[in-house]
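Asker: Questions regarding the structure given below will be posed in turn.
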Amino acid sequence: MSWREEAKRSVALRAVSELVKDGMVIGLGSGTTMVYVVEELAKRAQEEDLDILCIPTSYQMRYLALKLGLRLASLDEHPEPDLAIDGADQVDGRLDMIKGGGAALAREKVVDSCAKTLAIVVDEAKLVGRLGEKNMPVPVEVLPFALTPVLRELKALGALEAKVREAGPGKVGPVVTDNGNFIVDAYFGPIEDPGQLDKAIKALPGVVETGLFVGMTDLLFVGTKSGDVKVLRRG
């Protein structure tokens, strides 16, 4: 197992062991690190007979949670989860993030914003000085009907490139989100003001949500190459 996979496993274990308590409603983000989180949640729930409910943000997490025996809930029943645990594609020094590599950004932002506490779990390779470095795009969920105008307007906002994300092997055509929309990857380079860019993109008609998560993180768990886990708090 690579050091990054070991780091993902370590931060998942640390976050679940420190934050999860009996009786909690927990939002589940999506992505590779979250697989370890859900596995650890299921293990604790079984071994300690914990009464916890989970609100998944994607079909990926829904099916995994059900497979492992976790009980599911929704924001209709629990509009303010006690805790949300999620991953990120990049995190800067202010704990702002780019998310959406797994195309679940809209549901993740809804659940993460509703939670009383948002904990982010990453390996240290995800840390950057400024969001958008290392050719990292800002994912944007877009109504298919509005795709062409949104692509044009993203370039007007300063995107060096904006393109529809194509599905991987086994499917021809664009990635389709759990909401039935397309993902556009917009490359802005290093972003000076993520909050302002987020607002500008969301103001475009046809945009559902952006992968810029600004001012939301409460706790950041970082798995390091040395095997340690660092914990950072907002503010």
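Computed from the coordinates by the stated procedures, all read-outs in this text should not be read as laboratory data. Predicted model, so just to flag it, every value in this text is computed and none were measured. Here Cβ is always computed from backbone atoms with ideal geometry, including for glycine, and neighbour counts include all displayed protein chains.
Asker: Of Lys155/Lys199; Lys8/Lys43; Lys109/Lys225, which sit over 18 Å apart, Cα to Cα?
Answerer: Checking Cα-Cα distances, Lys109/Lys225 exceed 18 Å.
Asker: Could you list log10 I(q)/I(0) for the chain at q = 0.10, 0.13, 0.16, 0.18 Å⁻¹, which the Debye formula gives when each Cα is one point scatterer?
Answerer: Here log10 of I(q) over I(0) equals -0.45, -0.76, -1.13, -1.37.
Asker: Same structure again: Mind jotting down the distance between the C-alpha centroids of the range 174-235 and the range 105-156, whole Å?
Answerer: For the range 105-156 versus the range 174-235, the Cα centre distance is 3 Å.
Asker: If I build a Gaussian network model for the chain, linking alpha-carbon pairs within less than 10 angstrom, which residue out of Glu47, Glu133, Glu124 has the largest mean-square fluctuation?
Answerer: The residue that fluctuates most here is Glu47.
Asker: Explain nothing, just the number: dipole magnitude of the range 106-235 about its Cα centre with +1 on each Lys and Arg Cβ and -1 on each Asp and Glu Cβ, in debye rounded to the nearest 20.
Answerer: It comes to approximately 60 debye.
Asker: Using the C-alpha gyration tensor of the range 45-157, what are the square roots of 5 times its eigenvalues, in whole angstrom, with the largest one first?
Answerer: 30, 19, 13
Asker: Evaluate 2.2 N^0.38 Å with N set to the residue count of the range 46-100, then give the Cα radius of gyration divided by it.
Answerer: With N residues counted in the range 46-100, Rg over 2.2 N^0.38 Å equals 1.37.
Asker: Along the charge dipole of the range 74-115, which of Ser74, Cys114, Gln90 sits closest to the positive end, that is, farthest toward it, with unit charges on the beta carbon of Lys, Arg, Asp and Glu (+1, +1, -1, -1)?
Answerer: Of Ser74, Cys114, Gln90, it is Gln90.
Asker: From the backbone phi of the range 171-179, what are the Karplus-calculated ³J(HN,Hα) couplings (6.51 cos²θ - 1.76 cosθ + 1.60, θ = phi - 60°) in whole Hz, Gly and Pro given as x?
Answerer: Those phi angles translate into 9, 8, x, x, 5, 10, 6, 4, 9 Hz.
Asker: Right, next: DSSP beta bridges in the chain, what fraction antiparallel, as a percent rounded to 5?
Answerer: 55
Asker: Rank Val16, Val231, Ala186 by how far each Cα sits towards the positive end of the charge dipole of the chain (+1 on Lys, Arg Cβ; -1 on Asp, Glu Cβ) and give me just the farthest.
Answerer: Ala186
Asker: Okay, moving on. Suppose every Lys and Arg Cβ carries +1 and every Asp and Glu Cβ carries -1, with no other charges. What dipole size does the chain come out with about its Cα centre, to the nearest 20 debye?
Answerer: The calculated dipole for the chain is roughly 500 debye.
Asker: Would you please name the trypsin sites (Lys or Arg not before Pro) within the range 186-235 that are DSSP coil residues with at most 14 other C-beta atoms within 10 Å of their C-beta?
Answerer: Lys225, Arg234
Asker: Counting only the backbone N, which residues of the range 197-226 are under 14 Å from the spot 7 Å out from the Cα of Val110 toward its beta-carbon?
Answerer: From the range 197-226, the list is 208-210.
Asker: Sort 90-102, 155-167 by the packing proxy (mean of other Cβ within 10 Å over each peptide's residues), most packed first.
Answerer: The peptides rank, most packed first, as 90-102, 155-167.
Asker: Suppose a student asked you for the relative contact order of the range 79-230, using Cα pairs under 8 Å spaced at least 6 residues apart; what percent would you report?
Answerer: About 32 percent, as a whole number.
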